[in-house]
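See structure below.
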Amino acid sequence: MDKIRLQGMRPLYGTVAVSGAKNAALPLIAATLLAPGTHILHNVPDLRDTRTMFKLLETLGAVWQRSGTTVQVDTTGLMSSEAPYDLVKTMRASVLVLGPLISRTGRARVSLPGGCAIGARPIDMHLRGFEQLGVQTVLEKGYVEARVESPLTGGSVYFDVPSVTGTENVLMASVQAKGETVIKNAAKEPEIGNLIDMLNGMGAHISGKDTDRLVVTGVESLHAVEATIIPDRIEAGTYLMAVGAAGGEITITNCCPEHLPALVEKLRLVGMDIEAREDSFIASCPVAADGSRCRLKAVNITTMPYPGFPTDLQAQFMALMIQAEGVSIIHETIFENRFMHVAELQRLGAQITIDGSSAVVKGISREQLCGAAVMATDLRASASLVIAGLSASGVTEISRVYHLERGYENLVPKLRAIGAEIEQVAA
């Protein structure tokens, strides 16, 4: 199993390009199941998770091929409506095939994601939404079984809390339902807007994009489409915090600055200089000739649904705050158990205490942060360890980096190209 080894306190300079968004690619790949024909997707990141989703489509009868960042997916020969546990266990987003299968075939049998206790990352909101369309659902032997006895009919769906995958799943299930479906308190993430654009391109009628009220007027049929996946705002945000941790100046290209309003505001309060252009950032944290740089300021954050501070950037922001001047409070409101990276950051010398759903971070100087052997516990936690390692003295070794490969395309070579002393090595 590979490790990442990096030498800290090396400033970053140069240009880094952002790949397509994992969280947009997965629902768009699933959406190809809605209509037979050859769909063309551009800007598809080559990640462990996207490869898993394509393998899942293969088990259902789809055929796909990649050429660079473009993937053709032929879903004409759909032969199955069952997504087996062996694939679904590796990726929670696999449940996104439920909506398209229900819409196209009238039934679906999809394994619950591995370790998914309904409640922690609930899919019960998905199921309640399906039931409002006339879908019968049963949880049995670790599978969700969904069946439509009569034609899908539009209904009113309300989410108690905005759910990204829930909104996406109900959208895909409802596009061919008779009449009108209204989704209230829908999630507003840019990735959902990307999906809506694709669905409308297939012939769907969806209004309310970028709002919490989506109206779907059902259509009789859909057709294959050509669509482009938006840039990954989480990857862009990770690079912003990497230069904040390491110092230097970088240009981040192929991104959408308007997708990161909360993060950019907080990083400017931290003390970073950030210029947002149409499709790029110029971000800097000055470094003196002797290698020292100005101390960052501690800033509090609370994770919120979009356009609030993204939960997927919470761990990376915490890694930045461990060297800030003062005390910062990081409040996590989206997912429970999302502070597993704290113990690993403490191994580098970070002073962090947990108080319920909040983490209290007392900043220390860069000189007090020392490289150590640490272990990634999840996707975003692994990115936080890279950021912390960039600012620590000495060598940091990160194990279980397969987590990182789920959501970051070529992170190590991209960081190395802008000056990081980093490599991926066999354990």
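The values are calculated or read from the model by the stated rules, or taken from the named source; none is laboratory data. These numbers come from a predicted model, not from an experiment. Please note: Cβ atoms are built from the backbone with ideal geometry, for glycine as well, and neighbour counts cover all protein chains shown.
How many of the residues making up the range 78-88 are out of contact with any strand residue (DSSP E or B) (no Cβ under 7 Å at 6 or more places or on another chain) and either modelled with pLDDT of 90 or more or crowded, with 16+ Cβ neighbours inside 10 Å (or both)? Full working, then the answer.
To start, the set of residues in the range 78-88 that are out of contact with any strand residue (DSSP E or B) (no Cβ under 7 Å at 6 or more places or on another chain) comprises 78-80, 86-87.
Subset that is either modelled with pLDDT of 90 or more or crowded, with 16+ Cβ neighbours inside 10 Å (or both): 78-80, 87.
So the count comes out to 4.
Can you find, within the range 378-405, the residue that is nearest to the chain's Cα centre (by Cα) among those that are assigned to a loop (DSSP other than H, G, I, E, B) and surrounded by fewer than 21 Cβ atoms within 10 Å (Cβ to Cβ)?
Per the stated criteria, the residue is 378.
May I ask you to say which residue of 235, 249, 258 is surrounded by 19 or more Cβ atoms within 10 Å (Cβ to Cβ), closer than 30 Å to residue 316 by Cα and not hydrophobic (A, V, I, L, M, F, W, C)?
Working: 249 fails: surrounded by 19 or more Cβ atoms within 10 Å (Cβ to Cβ); 258 fails: surrounded by 19 or more Cβ atoms within 10 Å (Cβ to Cβ).
Exactly one residue qualifies, and that residue is 235.
Counting only residues that are over 27 Å from the mean Cα position of the chain (by Cα) and of a type in the set (D, E, K, R), which one in the range 340-377 is surrounded by the most Cβ atoms within 10 Å (Cβ to Cβ)?
This residue is 366.
Can residue 149 be described as part of a strand (DSSP E or B), free of Cβ contacts under 8 Å to residues at least 40 places away in the same chain, surrounded by fewer than 17 Cβ atoms within 10 Å (Cβ to Cβ) and not aromatic (Phe, Trp, Tyr)?
Working: part of a strand (DSSP E or B): no; free of Cβ contacts under 8 Å to residues at least 40 places away in the same chain: yes; surrounded by fewer than 17 Cβ atoms within 10 Å (Cβ to Cβ): yes; not aromatic (Phe, Trp, Tyr): yes.
So residue 149 fails the test.
Consider the range 342-375. How many of its residues are in contact with a helix residue (DSSP H, G or I) (Cβ under 8 Å, 6 or more places away or on another chain) and without any contact (Cβ under 8 Å) to a residue 60 or more places away in the chain? Steps first, please.
At the first step, the residues of the range 342-375 found to be in contact with a helix residue (DSSP H, G or I) (Cβ under 8 Å, 6 or more places away or on another chain) are 342, 344-345, 348-350, 352, 354, 359, 361, 363, 366, 369, 371-375.
Subset that is without any contact (Cβ under 8 Å) to a residue 60 or more places away in the chain: 342, 344-345, 348-350, 352, 354, 359, 372-375.
Residues that pass the stated criteria total 13.
Given (1) farther than 24 Å from residue 230 by Cα; (2) out of contact with any Pro (no Cβ under 8 Å at 6 or more places or on another chain); (3) not in a helix (DSSP H, G or I), identify the lone condition not met by residue 104.
Unmet condition: (3).
Yes/no matrix, rows are residues, columns are (1) farther than 27 Å from residue 212 by Cβ; (2) without any contact (Cβ under 8 Å) to a residue 60 or more places away in the chain:
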position: 85; (1), (2): yes, yes
position: 95; (1), (2): no, no
position: 98; (1), (2): no, no
position: 124; (1), (2): no, yes
position: 135; (1), (2): no, yes
position: 164; (1), (2): no, no
position: 181; (1), (2): no, yes
position: 189; (1), (2): no, no
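For every residue, the table says whether it meets (1) farther than 21 Å from residue 239 by Cα; (2) in a strand (DSSP E or B); (3) not assigned by TED's automatic domain parsing to the domain that holds residue 8.
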residue	(1), (2), (3)
319	no, no, no
334	yes, no, no
337	yes, no, no
343	yes, no, no
346	yes, no, no
360	yes, yes, no
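Let me spell it out: the conditions are (1) at positive phi; (2) modelled with pLDDT under 95, and residue 144 meets all of them except one. Which number is the exception?
Exception for residue 144: condition (1).
Looking at 129, 115, which one is at pLDDT 95 or above and either assigned by TED's automatic domain parsing to the domain that holds residue 168 or of a type in the set (Lys, Arg) (or both)?
Numbers: 115 fails: at pLDDT 95 or above.
Just one listed residue meets the conditions, 129.
Could you check how many residues of the range 85-103 are over 20 Å from residue 25 (Cβ atoms) and touching a Lys or Arg at 6+ places or on another chain (Cβ under 9 Å)?
Residues that pass the stated criteria total 1.
Name every residue in the range 11-25 that is surrounded by fewer than 20 Cβ atoms within 10 Å (Cβ to Cβ) and either among the charged types (D, E, K, R) or on the phi > 0 side of the Ramachandran plot (or both), in order of residue number.
Here is the first cut: in the range 11-25, the residues surrounded by fewer than 20 Cβ atoms within 10 Å (Cβ to Cβ) are 13-15, 17.
Answer for the range 11-25, where residues must be surrounded by fewer than 20 Cβ atoms within 10 Å (Cβ to Cβ) and either among the charged types (D, E, K, R) or on the phi > 0 side of the Ramachandran plot (or both): just 14.
Of the numbered conditions (1) closer than 24 Å to residue 254 by Cα; (2) assigned by TED's automatic domain parsing to the domain that holds residue 104, residue 62 satisfies every one except a single condition; which is it?
Checking residue 62 against (1) closer than 24 Å to residue 254 by Cα; (2) assigned by TED's automatic domain parsing to the domain that holds residue 104, the one that fails is (1).
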